[in-house]
Every structure is written in structure tokens, then in C-alpha cells.
There are 2 protein chains.
Amino acid sequence: MKIGVVHLEILAITDDRHSVKELASIILKINKRIDYVHIRDKSKSVRELVFLLELLEEGGVEKRKIVLHDRLDLALIMGIPNIHLPGHGLPVKPVRERFPFMRIGCSVHSFKEACEAERDGANYVLYGHIYETNCKQGKTPKGLKELQEIKMKLDLPVYAIGGITPDKLAEIKKANTEGIAVMSGIFSAKNPEEAVLQYFQMCKEKTNEQLL
Amino acid sequence: MKIGVVHLEILAITDDRHSVKELASIILKINKRIDYVHIRDKSKSVRELVFLLELLEEGGVEKRKIVLHDRLDLALIMGIPNIHLPGHGLPVKPVRERFPFMRIGCSVHSFKEACEAERDGANYVLYGHIYETNCKQGKTPKGLKELQEIKMKLDLPVYAIGGITPDKLAEIKKANTEGIAVMSGIFSAKNPEEAVLQYFQMCKEKTNEQLL
């Protein structure tokens with residue numbers, strides 16, 4: 001048994017509940033302790049998102065940390081290298097072929113969908129929802145079993161999503177996943193900066209995990 | 001005085017009131033008598049629009065006739081050369097710089113906005129609304145005066161839009177505009193094919209207009 005370090009990346013997903021200025025302010029506060037911020041404010045216009053991206057750039061947020069939801073065109077125009085393609089949006093395969101330089105993510109809900117995402121050229125997937133969450137009320141959470149199967153059989157990086165609170169992180173680390181994606185736990189928290197600190201401490205701390 | 005021919009191009013704009021299959025069926029029926037079809041079905045997902053574009057391609061609609069509303073990324077992925085950028089969407093200037101091969105349109109409501117569109121690199125504009133229309137209830141129609149000013153002072157191609165019925169076309173021809181854009185007059189008509197025929201006959205017929 002080795003004493004090892006298991007890090008989880010933190011992908012913070014916006015909750016579409018803040019104004020552009022509020023959102024920029026929150027992101028600037030949490031920026032140093034997250035690995036990516038996934039801009040998923042569906043109710044905002046493209047023009048508003050341009051303004052948000054300008055505020056983030058002025059505030060020093062690196063473009064490599066920003067993931068845009070759905071709007072590949074906005075990513076191309078603003079020089080954002082990461083795009084998350086939702087199920088109702090552009091298919092992964094032609095985006096991979098046409099824009100090989102983009103880092104492409106998508107959401108999957110099964111081992112089968114994860115295989116398809118890998119085959120089509122996704123760079124990573126969000127898998128969930130793992131635990132009960134207000135965003136998916138009435139739907140049975142998937143737990144960690146299938147996630148572990150995905151990680152055992154595929155090379156695809158996976159971020160666990162759905163109801164992930166800091167107390168769940170020890171368990172999630174055992175699934176060998178690359179990271180976690182958190183929306184309401186961060187952006188709907190009373191104090192997003194303190195919330196991120198709790199995730200950060202659990203995601204980045206040393207553990208006694210057995211490394212095989 | 002010469003006997004001349006003043007043609008107006010017909011740009012048919014979808015009204016977001018039909019299913020994908022219904023819409024494809026209508027477009028295939030009117031295709032030969034229109035110059036462009038502007039896909040502006042905002043409530044449809046990108047995945048549905050991909051399906052629509054596939055149906056149009058199967059039906060033989062040339063890509064050069066299709067204009068996509070807002071979604072530049074979809075246009076790039078599907079090889080559609082025309083994009084209409086709404087006011088809340090991507091700004092014209094960076095799209096022109098990054099994608100010089102695209103034919104870019106936008107909507108303007110004044111001479112000033114038309115000047116900005118020309119400066120930023122738009123290939124054409126829609127100007128309106130010219131006449132009263134259900135889409136712009138309570139807003140005073142602009143008439144043809146400012147349109148004539150735009151056409152006198154700028155080189156920018158302009159399509160007149162808003163409440164344009166076939167009986168208005170003789171008047172519109174005098175404004176020296178390149179064409180007309182019609183939504184409900186075509187797509188909300190009981191028989192879109194017959195409706196287009198009426199526009200077509202007026203837009204493409206020979207006239208006794210004096211050519212200077």
C-alpha cells in the first residue's frame with residue numbers, strides 16, 4: 001500500500017440564476033480553486049454571454065478554464081477552447097471532424113452512451129446524476145456502479161455530476177473518475193467562495209487511497 | 001423610356017409554426033419560386049434543425065438558397081453559406097473577420113443601423129417593418145421613405161420586410177430595393193405554394209418602369 005494523492009478536478013457549472021455582472025463576480029471569486037467553469041446560462045442571449053466573457057477576460061480568468069455550453073460559434077469567435085454539446089445540440093462527430101482543435105464534452109447517462117461519445121471523439125463526458133438532486137427530481141439517481149464500469153472499460157475522462165456534496169467526495173474518489181461537476185452546490189450556495197473551498201479541500205487533499 | 005424588367009428577390013422566412021416534416025414539405029413545394037429560405041424556427045432544437053436540413057438536402061434544395069438564423073455553428077457544420085445574425089446574437093464584425101467566406105445578413109431599423117451593418121461587413125440587411133403586420137403589433141410601420149434613403153446613399157443590398165402583400169410590390173419596386181422578405185404571407189398562408197406564386201408573378205414580371 002502506497003500513500004498517494006488522488007486529485008479530483010472541479011468543474012463548476014453556472015445555474016442561470018444570476019445577472020451577468022453577479023455571475024462574473026462569483027466566477028472571479030472562485031476562479032483560483034476550480035479547474036473549469038462551464039457557462040450554462042441558457043436564458044441569456046449570445047450578446048449577454050459575449051459581455052460575460054469580456055468581464056471574465058478583464059478579470060484575468062484564463063480562456064482554457066472556460067467551457068461554453070452549446071454555442072460552438074460563440075466559442076470560436078471568442079477564442080474559448082472548450083465546448084459542451086448537449087443532447088439536443090450539435091452532434092459530437094461532425095464537430096470533432098470540422099474543429100479538431102476544440103476540447104469537446106458531452107453528457108452521458110449510461111455505459112452505452114459513454115462508448116458512443118468516445119467513438120465520436122468526445123474529450124470527456126459528464127456522467128450522472130449520481131445522487132439525488134433538485135435538478136432531476138423524480139428520477140432515480142444512478143449511483144457509482146456504472147461509472148466504475150465506464151472507468152474500467154474506457155479511456156474516456158469522466159466527471160461525476162448530480163447532487164455531489166463535499167461529504168460524498170471520499171466515495172467518489174474510489175470510482176477513479178477524473179473529477180466532479182457541481183452546479184447548485186456552488187452557484188446556488190449562499191457563499192459560493194466558501195462552498196468552493198470545501199470542495200477544493202476534499203478534492204485536492206492527500207489521501208491514503210491504495211494505488212494499484 | 002425603356003421597357004425594362006425590375007426583379008425583386010424573394011426571401012421566405014419560416015414562422016416557427018410547423019413540425020420539421022411539415023416545414024420541409026412546404027419548403028420543397030415553394031423552393032423553385034423563391035430565392036432564399038431563411039430558417040428562423042427559434043423553438044426548434046439544433047438537433048431538429050439538423051434533421052430539417054437533411055430533409056431539404058434529400059429533397060434537392062440547394063444549400064446556397066438556405067439562410068440559417070443565429071446559429072453560425074450549425075451553418076458551418078452543415079455547409080450552409082448564409083447566416084442571419086439577430087441583434088441579440090453574434091456581432092457582425094468578428095464573424096466577418098473570422099469567417100470571411102460567409103454571406104452575412106442582419107436586421108436594421110434605421111439608416112444609422114444600415115450604415116453600421118455596412119461598415120461591419122454585412123452582405124445584406126432586412127429593413128422594416130414597412131407595413132403593419134401582426135408580428136409587430138402596436139409599433140408604427142416605417143413605410144418606404146427611409147428605405148429609399150438607404151438605397152440612395154449605401155451600396156448595401158436591402159430586403160424590405162413587414163406586412164408585404166403581393167398588392168404592395170409595385171410600390172416597393174420603386175424603392176430600388178433588392179428584394180422582399182416574407183414570413184406569414186407565405187408560411188402562415190392556407191396554401192403556401194399558391195401564395196408564393198402570387199409573390200413570384202409580381203416580383204419577376206416585366207414592368208414598364210423607367211430605367212435610368
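The share of accessible area on chain A that comes from carbon and sulfur is 49 percent, using a 1.4 angstrom probe. Straight-line cross-link partners of residue B:42 among the aspartates and glutamates, defined as a Cα under 20 Å from its Cα and at least 8 positions apart when in the same chain: A:16, A:41, A:48, A:70, A:73, B:15, B:16, B:22, B:54, B:70, B:73. Would you calculate, for chain B, the mean residue ellipticity at 222 nm contributed by helices, counting each DSSP H stretch of 4 or more residues as -39,500 (n - 2.57) and dividing by all residues, to the nearest 500? The helix contribution divided over chain B gives -10500 deg cm²/dmol.
Remark: mean inter-chain Cβ contacts per residue of A:68-76 equal 5, using a 10 Å Cβ-Cβ cutoff to other protein chain atoms. For chain A, with a Gaussian network of springs between Cα atoms less than 10 Å apart, report the residue from A:78, A:183, A:102 with the top mean-square fluctuation. For chain A, modelled as a Gaussian network with Cα springs under 10 Å, the answer is A:78. The same position residue A:113 in the other copies lies at 4.0 nm from this copy, comparing label points 7 Å beyond Cα toward the beta-carbon, shortest first.
For the protein assembly as shown, the dipole from Cβ point charges (+1 on Lys and Arg, -1 on Asp and Glu) about the Cα centre works out to 40 debye, to the nearest 20.
The Cα atoms of the protein assembly as shown give a gyration tensor whose axes a ≥ b ≥ c have a/c of 1.5 or more with a/b greater than b/c, which makes the shape prolate. For the set A:29/A:65; B:29/B:142; B:112/B:168; B:29/B:65, the pairs lying more than 23 angstrom apart at their alpha carbons are B:29/B:142; B:112/B:168. Restricting the chymotrypsin sites (Phe, Trp or Tyr not before Pro) of segment A:25-112 to loop positions (DSSP other than H, G, I, E, B) with no more than 13 neighbouring Cβ atoms within 10 Å leaves A:101. Among beta bridges from DSSP that stay inside chain B, the antiparallel ones total about 5%.
So what is the relative contact order for segment A:4-207, in percent, with contacts set as C-alpha pairs under 8 Å and at least six apart? Normalised by residue count, the contact order of segment A:4-207 is 26 percent. Among chain A residues, the beta-carbon with the smallest distance to the axis carrying A onto B is reported, with distance in whole Å, as A:73, 2. Sorted shortest first, the distances from the residue B:170 label point to those of the same residue in the other copies are 8.7 nm; each point sits 7 Å from Cα along Cα-to-Cβ.
Between residue A:184 and residue A:97, the modelled label-to-label distance comes to 4.0 nm, taking each label 7 Å out from Cα in the direction of the beta carbon. Think of each Lys and Arg Cβ as +1 and each Asp and Glu Cβ as -1; about the Cα centre, that makes the dipole of segment A:8-112 roughly 280 debye.
Solvent exposure of residue B:136, expressed as accessible area, is near 80 Å², computed with a probe of 1.4 Å over the protein chains only. Simple rule: put +1 on each Lys or Arg Cβ and -1 on each Asp or Glu Cβ in chain A, find the dipole, and look at A:19, A:53, A:72; the Cα lying farthest toward the positive end is A:72. A point 7 Å from Cα along Cα→Cβ stands in for residue B:91, and the other copies hold the same point at 3.5 nm, listed in rising order. Take every DSSP beta bridge with both residues inside the protein assembly as shown and express the antiparallel ones as a percent of the total, to the nearest 5. That works out to approximately 5 percent antiparallel. In terms of its C-alpha gyration tensor, chain A has an oblate overall shape, because the principal axis ratio a/c (a ≥ b ≥ c, square roots of the eigenvalues) is not below 1.5 and a/b does not outweigh b/c.
When A:16, A:155, B:15 are compared by accessible area of protein heavy atoms, the largest-first order is A:155, A:16, B:15, using a 1.4 Å probe. What FRET efficiency comes out for residue A:176 versus residue B:16 if R0 is 35 angstrom and r is the Cβ-Cβ distance? Round to the nearest 0.05. It comes out at approximately 0.15.
The values are calculated or read from the model by the stated rules, or taken from the named source; none is laboratory data. The model shown is predicted, which means the values in this text are computed figures rather than measured ones. When we count neighbours, we look across all protein chains shown, and the Cβ atoms used for this are built from the backbone with ideal geometry, even at glycine. Surface areas here come from the heavy atoms of the whole protein model, side chains and all, with no ligands, DNA or RNA. Shrake-Rupley method; radii C 1.70, N 1.55, O 1.52, S 1.80 Å.
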